[in-house]
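Heads up: the structure comes next, in structure tokens.
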């Protein structure tokens, strides 16, 4: 179990993300997100999540332009009390046209309106963790957003708030309030801002680890010939034959033996690495299918990687040129 004192949580060391559950939304004239997700299969996966011991579900209003929240709200029902519910705000969208809109939510009134929209779609009376979904902001703007979040706590609409950011400077501006309980940062075997992780440990913040599987590289499913569907959020970023992702695929092959130690799958090993990396981490892997959820749940049974595996993985990463920590 993980104890997050600022949040008052004692929960299993694993959450789940719902980005793929949102499918796609229109953005800049094209469909972007996770195409090809079978809604029925995604719902079956979430049913397993709700019955499987995961303590936190992370979503966002912009995932599928409200669709992920609506799907989740329909499924929760009486099981709402079994899980902690985290969502995010900050991106403008239109749920009716299922479209992401230009600009960010930075006005205090817009923050309140965004919260009301999420509460309605999630069919709940409060959000356990409400997170700003903008990586970096001027302090003059973020101070106003924090004031709005403090009022939402006082009104009982949220229990605590966090910031999805890889910026130490941004996160530090909110640490004066005990109601600021978490950062959501990119953290996996390849990525992570170590100064931000250290700050979170020092301040007692929960660290929700987004992209814990390096967007799929650490699943072992991809190779140089793999093709991504049109609209896939990774398609314009990945080049599996050269560049960063190609190097990561090669590094993954060197890591595989240690990630799969003790009968783990690659997914379970990557999540076990995060569990062992810090007492503050809470990985939130995404899923598309029930099979993927069951693989993820296996990480709870196996637990953190043993120290020998952690040491060997560190040595392998140090020996490869793609061991830089990329906060972008």
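Rundown of residues vs (1) closer than 23 Å to residue 119 by Cα; (2) crowded, with 23+ Cβ neighbours inside 10 Å, yes/no style:
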position	(1), (2)
10	no, no
16	yes, yes
28	no, no
36	no, no
39	yes, no
52	no, no
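Out of all the residues in region 134-184, which are in contact with a helix residue (DSSP H, G or I) (Cβ under 7 Å, 6 or more places away or on another chain) and farther than 19 Å from residue 200 by Cβ?
Passing the criteria: 144, 145, 147, 148, 152, 157, 158.
For region 187-214, which positions are farther than 30 Å from residue 253 by Cα and either assigned to a strand (DSSP E or B) or touching a strand residue (DSSP E or B) at 6+ places or on another chain (Cβ under 7 Å) (or both)?
First, the residues of region 187-214 that are farther than 30 Å from residue 253 by Cα: 199-206.
Residues satisfying the conditions are 200, 205, 206.
Does residue 168 meet the test of being in contact with a strand residue (DSSP E or B) (Cβ under 8 Å, 6 or more places away or on another chain) and surrounded by fewer than 24 Cβ atoms within 10 Å (Cβ to Cβ)?
no
On the given criteria, is residue 35 within 28 Å of residue 181 (Cα to Cα), part of a loop (DSSP other than H, G, I, E, B) and in contact (Cβ under 8 Å) with a residue 12 or more places away in the chain? Outline the logic, then answer.
Details: within 28 Å of residue 181 (Cα to Cα): no; part of a loop (DSSP other than H, G, I, E, B): yes; in contact (Cβ under 8 Å) with a residue 12 or more places away in the chain: yes.
For residue 35, the condition - within 28 Å of residue 181 (Cα to Cα), part of a loop (DSSP other than H, G, I, E, B) and in contact (Cβ under 8 Å) with a residue 12 or more places away in the chain - is not met.
The rows are residues; the columns are (1) crowded, with 22+ Cβ neighbours inside 10 Å; (2) more than 21 Å from the chain's Cα centre (by Cα); (3) under 26 Å from residue 205 (Cα atoms); (4) modelled with pLDDT of 95 or more.
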| residue | (1), (2), (3), (4) |
| --- | --- |
| 255 | yes, yes, no, yes |
| 282 | yes, no, yes, yes |
| 298 | no, no, yes, yes |
| 305 | yes, no, yes, yes |
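How many residues, within region 197-221, are touching a helix residue (DSSP H, G or I) at 6+ places or on another chain (Cβ under 6 Å) and within 25 Å of residue 319 (Cβ to Cβ)?
Of region 197-221, the ones touching a helix residue (DSSP H, G or I) at 6+ places or on another chain (Cβ under 6 Å) are 199, 207, 209, 212-213, 217-220.
Narrowing further to those that are within 25 Å of residue 319 (Cβ to Cβ): 209, 212-213, 217-220.
Residues meeting the conditions: 7.
Evaluate region 21-29: report whether one residue or more is in a helix (DSSP H, G or I) and in contact with a strand residue (DSSP E or B) (Cβ under 9 Å, 6 or more places away or on another chain).
Step one: list which residues in region 21-29 are in a helix (DSSP H, G or I), which gives 21-22.
The next check asks that each one be in contact with a strand residue (DSSP E or B) (Cβ under 9 Å, 6 or more places away or on another chain); those that pass are 22.
Scanning region 21-29 turns up at least one residue that is in a helix (DSSP H, G or I) and in contact with a strand residue (DSSP E or B) (Cβ under 9 Å, 6 or more places away or on another chain).
How many residues does region 85-110 hold that are surrounded by 20 or more Cβ atoms within 10 Å (Cβ to Cβ), under 16 Å from residue 65 (Cα atoms) and either free of Cβ contacts under 8 Å to residues at least 24 places away in the same chain or in contact with a helix residue (DSSP H, G or I) (Cβ under 7 Å, 6 or more places away or on another chain) (or both)?
Matching residues across region 85-110 total 3.
Quick grid of which residues meet (1) closer than 26 Å to residue 285 by Cβ; (2) crowded, with 23+ Cβ neighbours inside 10 Å; (3) touching a residue at least 40 places away in the same chain (Cβ under 8 Å); (4) under 17 Å from the mean Cα position of the chain (by Cα):
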residue	(1), (2), (3), (4)
124	yes, no, yes, no
134	yes, no, yes, yes
149	no, yes, no, no
161	yes, yes, no, yes
172	no, no, no, no
185	yes, yes, no, yes
198	yes, no, no, no
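Considering only residues of region 53-75 that are touching a strand residue (DSSP E or B) at 6+ places or on another chain (Cβ under 9 Å) and modelled with pLDDT under 95, which is farthest from residue 89 (Cα to Cα)?
Once the filter is applied, the top-ranked residue is 54.
Could you grab me the full set of residues in region 145-186 that are assigned to a loop (DSSP other than H, G, I, E, B) and under 18 Å from residue 118 (Cβ atoms)?
Here is the first cut: in region 145-186, the residues assigned to a loop (DSSP other than H, G, I, E, B) are 155-157, 159-160, 165-167, 173-179.
Scanning region 145-186 gives 155, 156, 157, 159, 160, 179.
The values are calculated or read from the model by the stated rules, or taken from the named source; none is laboratory data. From a predicted model like this one, the values you see are computed outputs, not experimental measurements. Neighbour counts are summed over all protein chains in view; Cβ atoms, including those assigned to glycine, are modelled from backbone coordinates with ideal geometry.
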